Amino acid sequence: MIPMDYLVVIEKATQGYGAYVPDLPGVGVAGRTLPEVRRLIRRAVELHVSGLREDKLPVPLPRARSEWVDVPRKARHTTRSPRTTVDLDSIG
């Protein structure tokens, strides 16, 4: 079976971490520590995909992507520069 790599978004919360999978609506977890939330989200994805297959439902293909956008820190004692719009779709 060909592995499918799903993008997982992990966010730091006030008291722990949360994680979700954009390509699998409804799949999300929360945990106290980063290792815990990683373990929980992996298990949640496995259970979700397994359930879809068991019910003979289509398994969504991984389509979500992530990219970093560099934003320079504001230098001290500078004047405000005009805003720049970045078209993320044009980034290869």
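The values are calculated or read from the model by the stated rules, or taken from the named source; none is laboratory data. Given the structure is predicted, the values throughout are model-derived calculations rather than measurements. Please note: Cβ atoms are built from the backbone with ideal geometry, for glycine as well, and neighbour counts cover all protein chains shown.
Quick notes
- Figure legend. Inter-residue proximity from the stretch 10-36: first residues surrounded by 13 or more Cβ atoms within 10 Å (Cβ to Cβ), second residues of a type in the set (D, E, K, R), beta-carbon distance below 7 Å, spacing 6+ or different chains. Indicated pairs: Gly16/Arg32; Tyr17/Glu11; Gly18/Glu11; Asp23/Arg63.
- Residue in the stretch 15-28 that is modelled with pLDDT of 95 or more and β-branched (Val, Ile, Thr) present: yes
- Filtering the stretch 37-64 to residues that are touching a Gly at 6+ places or on another chain (Cβ under 9 Å), surrounded by fewer than 16 Cβ atoms within 10 Å (Cβ to Cβ) and either more than 20 Å from Ala13 (Cα to Cα) or among the β-branched types (Val, Ile, Thr) (or both) leaves only Leu57.
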